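Let me begin by presenting the structure, written as structure tokens, before commenting on it.
The values are calculated or read from the model by the stated rules, or taken from the named source; none is laboratory data. Please read these numbers as outputs of a predicted model, since none were measured by experiment. FYI the Cβ positions are ideal-geometry reconstructions off the backbone, even for glycines, and counts take in every protein chain you see. We work out accessible area using only protein heavy atoms, side chains counted, and drop any ligands, DNA or RNA first. Shrake-Rupley method; radii C 1.70, N 1.55, O 1.52, S 1.80 Å.
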Amino acid sequence: MKKIAVIGATGLVGNAVVAELAERGHSVIAFARNVDKVIKHDNVQAMAFDVNNADFAKQLVGVDVVVSAYNPGWTNPNYVADFKQSYASILTAIKTAQVPYALIVGGAGSLYVAPNLQLVDTPDFPADVYPGANAARELLTELKERNDINWAFISPAAMFAVNPVYFDKTGKYRLGTDDVLMNTDGTPADISVPDLAIAIADDVENQAHLHKRFTVASL
């Protein structure tokens with residue numbers, strides 16, 4: 001069993017990841033702004049600690065894996081600036097603490113729909129989502145140039161968290177790399193929140209995507 005730090009532990013993805021990891025018997029340190037919202041489990045230690053605190057790296061010393069589902073909040077008027085600042089701090093802490101494996105939960109915007117065309121650059125991509133999606137794309141671009149930390153990056157299916165959000169747990173999913181995964185009818189695929197958490201937990205255990213981006217979708 002591993003000691004795993006989850007950043008953004010009360011968000012849509014982070015909450016499900018904490019639950020899945022705890023159920024598998026891992027020891028989870030759940031970082032959240034409001035620890036009262038962290039799920040109650042014997043394997044979960046809730047912790048309120050600002051990722052921009054200079055001592056954040058000390059909180060990660062000794063953990064086997066960091067899962068970052070950090071999100072400044074979609075209604076945050078300073079979303080992009082906060083995202084960039086906080087991820088700079090998170091990555092610095094991961095490097096300083098010499099974390100063996102860090103899985104960053106990104107978005108689908110940087111997935112490709114055609115050669116040299118990413119989803120975020122398509123005409124119908126929502127304008128209100130673009131700044132956050134572009135920030136995540138820029139983070140991935142930065143990570144691809146870094147070998148000083150053991151990173152991996154997961155992009156959920158293109159329709160993930162687009163209304164409606166699904167919470168059915170099938171325990172099954174399919175893997176992809178850099179392209180949007182499609183359904184058999186030619187529409188972009190989706191994945192439920194619990195199944196995404198399962199895919200994340202599986203990668204945490206297997207560490208199969210070192211220095212790679214991958215994507216997951218429902219079967």
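Compared with the direct C-alpha span, the chain from Asn52 to Asn147 gains 32.0 nm at full extension, assuming 0.36 nm per residue. Measuring only protein heavy atoms, the 1.4 Å probe finds Glu138 accessible over about 80 Å².
Of the cross-linked pairs Lys37/Lys172; Lys169/Lys212; Lys2/Lys84; Lys144/Lys169; Lys2/Lys58, those separated by over 22 Å at the C-alpha level are Lys37/Lys172; Lys169/Lys212; Lys2/Lys84; Lys144/Lys169. Neighbours of Asn15 by Cβ distance under 15 Å: Lys/Arg scored +1, Asp/Glu scored -1, total 0.
From its DSSP helices (H runs of at least four residues, each -39,500 (n - 2.57)), the chain gives a residue-normalised ellipticity at 222 nm of -9000 deg cm²/dmol.
Classification of segment 93-219 by its C-alpha gyration tensor yields an oblate form. The axis ratio a/c (a ≥ b ≥ c) is 1.5 or more, and b/c is at least a/b. Along the charge dipole of segment 62-219, pointing to its positive end and built from +1/-1 on Cβ of Lys, Arg, Asp and Glu, which listed residue (Thr75, Met159, Ala208) has its Cα farthest out? Positive-end residue among those listed: Ala208. Stokes-Einstein diffusion of segment 140-179 at 4 °C, 1.567 mPa s viscosity, Kirkwood radius from Cα pairs, rounded to a whole number: 100 µm²/s. All other residues whose Cβ lies under 13 angstrom from that of Thr96 are scored, Lys and Arg at +1 and Asp and Glu at -1, for a net of 0.
Overall form of segment 108-161: prolate. Here a/c, set by the Cα gyration tensor axes a ≥ b ≥ c, is 1.5 or more, and a/b is the larger of a/b and b/c. For the chain, the fraction of C-alpha pairs more than 27 angstrom apart is 26%. Compactness ratio for segment 56-161: Cα radius of gyration over 2.2 N^0.38 Å (N = residue count) comes to 1.11. Ignoring aspartates and glutamates fewer than eight residues from Lys40 along the same chain, the ones with Cα atoms less than 20 angstrom from its Cα are Glu20, Glu23.
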